[in-house]
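First comes the structure, then the notes that go with it.
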Amino acid sequence: MIKKIFKSILNTIPRPILIRLSYVAKPILEFLLKGNRFTDPIDGKSFKMFLPYGYGKQRNNVLSPSTLSLERHRLLWLYLNEQTDFFTAPKKVLHFAPEQAFYKRFRNQKNLDYTTTDLFSPLADVKADICNLPFEDNSYDVILCNHVLEHIPDDTKAMQELHRVLKPGGMGIFQIPQDLSRATTFSDDSITDEKERAKIFGQYDHVRVYGRDYFNKLRSIGFKVIEEDYTSKISPELVEKYCLAKGEIIPVCFKN
């Protein structure tokens, strides 16, 4: 019953309103769904089910009731926590379109000099166009830019700007929705109808579907790219318990 109600809400209420409502709904959802089948590694809380999420065709057991994280957020958290010194070493961090699951946690990390940016987000410290950033060259140790580039018509220019403001030796993580069955990225600027965009690109405001060539495009900009299949390094039991998307690749980029 809860699952059916939540699917109906997601399909009828605009996302900005859902985000505002989430602050009120989270404590209620946490109470109603408390259990031990699934665990959110970001806050360690466990539930009998996660919530469905997705535009059009929804995925079951993917949205954490407590942090509102999705599969990609939980995977990134695990990678940063287990494979990097992100939470321990001093870092100057630039975070594009900051996610609710991370925003307050990263802001409260005493080791991070943390700046958020976006053109529209109310959580952005600096309102900026990713294709024309107001930051100096070689400014940041870490750049997080996740599920942003698929919205940007000139993603080449955006990648160049990310490379420009990252420090030499710095790390960027640029997750995108990716169809690994595609060898090449697909885009078509003539598709402007929102319903058609959602059908073809997966979301009404996406402008392309990235294929496996995404990593080489980042390399062509000048990044050293590690295609990190981190779910293969986690036990199948934990992949299921954390509700991760098995086989999702984390693009870990370094500036030489």
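The values are calculated or read from the model by the stated rules, or taken from the named source; none is laboratory data. All of these numbers come straight from a predicted model, not from anything done at the bench. Ideal geometry is used to build each Cβ from the backbone, glycine not excepted, and the neighbour counts take in all protein chains shown. Just so you know, the surface numbers come from the protein's heavy atoms only, side chains and all, with ligands and any DNA or RNA stripped out. Shrake-Rupley method; radii C 1.70, N 1.55, O 1.52, S 1.80 Å.
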statement: Expected output for the stretch 181-194 (first residue under 15 Å from Leu149 (Cα atoms) and in a loop (DSSP other than H, G, I, E, B), partner open to solvent by less than 90 Å² (accessible area, probe 1.4 Å) and at pLDDT 90 or above, Cβ below 6 Å, 6+ apart or cross-chain) is Thr185/Arg208; Thr185/Tyr210; Thr185/Gly211; Thr185/Asp213
field: Members of the stretch 208-224 that are in contact with a Phe, Trp or Tyr (Cβ under 8 Å, 6 or more places away or on another chain) and crowded, with 19+ Cβ neighbours inside 10 Å
entry: Arg208, Val209, Leu218, Phe223
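Yes or no: Asn138 open to solvent by less than 30 Å² (accessible area, probe 1.4 Å) and among the polar types (S, T, N, Q)? Full working, then the answer.
On the way: open to solvent by less than 30 Å² (accessible area, probe 1.4 Å): no; among the polar types (S, T, N, Q): yes.
In short, no.
To keep it simple, each residue is scored yes or no on (1) assigned to a loop (DSSP other than H, G, I, E, B); (2) crowded, with 20+ Cβ neighbours inside 10 Å.
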| position | (1), (2) |
| --- | --- |
| Pro52 | no, no |
| Lys57 | yes, no |
| Asn61 | no, no |
| Ser69 | yes, yes |
| Tyr79 | no, no |
| Glu82 | no, no |
| Arg105 | no, no |
| Thr117 | no, yes |
| Leu123 | yes, no |
field: Only listed residue being closer than 18 Å to Ile42 by Cβ, modelled with pLDDT of 95 or more and hydrophobic (A, V, I, L, M, F, W, C), chosen from Leu80, Leu162, Leu133
entry: Leu80
query: Consider Ile226 against the criteria (1) under 18 Å from the mean Cα position of the chain (by Cα); (2) β-branched (Val, Ile, Thr); (3) more than 30 Å from Thr88 (Cα to Cα): it satisfies all of them except one. Which criterion is unmet?
result: (3)
- prompt: Is it true that some residue in the stretch 141-160 is among the small types (Gly, Ala, Ser), assigned to a helix (DSSP H, G or I), free of Cβ contacts under 8 Å to residues at least 40 places away in the same chain and surrounded by 14 or more Cβ atoms within 10 Å (Cβ to Cβ)?
  reply: yes
- request: Enumerate the pairs (first residue in the stretch 89-112 and touching a residue at least 12 places away in the same chain (Cβ under 8 Å); second residue anywhere and among the acidic types (Asp, Glu) and open to solvent by 20 Å² or more (accessible area, probe 1.4 Å)) with beta-carbon separation below 6 Å, excluding pairs fewer than 6 apart on the same chain, so at least 6 apart or on different chains.
  value: Lys91/Asp141; Lys92/Asp113; Lys92/Asp141; Ala97/Asp118
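Being open to solvent by 50 Å² or more (accessible area, probe 1.4 Å) and within 26 Å of Asn81 (Cα to Cα) is the filter here; which residues of the stretch 28-42 pass it? Reasoning before the result, please.
Of the stretch 28-42, the ones open to solvent by 50 Å² or more (accessible area, probe 1.4 Å) are 28, 31-32, 34, 36-37.
Hits for the stretch 28-42 are Lys34, Asn36, Arg37.
Go over the candidates Ala198, Ala183 one by one and state the one that is more than 30 Å from Lys45 (Cβ to Cβ) and over 19 Å from the mean Cα position of the chain (by Cα). Break it down stepwise before answering.
Working: Ala198 fails: over 19 Å from the mean Cα position of the chain (by Cα).
Of Ala198, Ala183, the one residue that is more than 30 Å from Lys45 (Cβ to Cβ) and over 19 Å from the mean Cα position of the chain (by Cα) is Ala183.
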